[in-house]
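Undergrad: Have a look at the structure that comes next, please.
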Amino acid sequence: MFSALVDDYITLLKSQNTIHNLYSKSAYGHLPFHIQDCYHIANICKKASCVIDLGSGAGLPSVILAIRNSHQHVIAIESKIKKQDFLCQVKDVLKLENLEVYRGDIQHFETHRSNVAEFYTAKAFAPKNDVIKMVKKMSHNNTKLVIPMSENQVQILKSNEKGYIREVLYEERMYYYYVQSITRRRP
């Protein structure tokens, strides 16, 4: 079931990518890695009832989260219209009732819909410290942030970081995730 929906998503992504630049064509060879990366994020967040993907882009990880964790409400925040349209198409074609495409930017979402998720994620969206600041504005006190990282990013993290690195070994390849509990900043 999962693999068929993921295959359908990849087919949609590649077909729409010929019309709109949703995902770098030169990165198609890395797509299996990115899909597996999203599976690991889904496992980290699996107990949450709601997960927000900041700057969802072409749907990595939001679409994979919605496929993998069908019990979850997944909110894909995307400000670019062509990517919003693509995410809505994916939602409709794959019948992902648990996927919500938020058509707007993070600041608008923060103003109107904060305090809704237990987990936030941001894949290739913004520098880690910028993401942490954004999530602090939107979160409640039981929120976690998950950011996939490269091995190089992990090695340059300061030892006084508040989060921790979760390592996942899969098929002889290491995946890294920065995970931090977030406490809401008082206004």
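FYI, it's all coordinate maths here, none of it is from the lab. Just so we're clear, the structure is a prediction, and the values are computed from it rather than from any experiment. Cβ: placed from backbone, ideal geometry, glycine included. Neighbour counts: every protein chain shown.
Undergrad: What residues qualify as long-range amide H neighbours of residue 69, i.e. H under 5 Å apart, gap of 5 or more or another chain, H built at 1.01 Å from N?
TA: none
Undergrad: Across the chain, where is the longest run that never hits trypsin sites (Lys or Arg not before Pro) in a DSSP loop with at most 12 other C-beta atoms within 10 Å?
TA: 96-157
Undergrad: Calculate, for residue 113 and residue 89, the FRET efficiency according to 1/(1 + (r/R0)^6) with r their C-beta to C-beta distance and R0 25 Å; round to the nearest 0.05.
TA: FRET efficiency, residue 113 to residue 89: 0.65.
Undergrad: Convex hull over the Cα atoms of region 30-100, averaged projected area in nm²?
TA: 4.3 nm²
Undergrad: Here's something else I'd like to know. Could you list 93, 168 in order of exposure, starting from the residue whose Cβ has the fewest other Cβ atoms within 10 Å?
TA: 93, 168
Undergrad: Moving on to the next point. What share of Cα pairs, in percent, lie more than 13 angstrom apart in region 59-128?
TA: 65 percent
Undergrad: Loop sites only, by DSSP: take the GluC sites (Glu not before Pro) in the chain that have at most 16 other C-beta atoms within 10 Å and name the longest stretch containing none of them.
TA: It works out to 1-96.
Undergrad: Shifting gears a bit: I need the Debye-formula profile for the chain: one equal scatterer per C-alpha, no solvent, reported as log10 I(q)/I(0) at q = 0.15 1/Å, two decimals.
TA: -0.87
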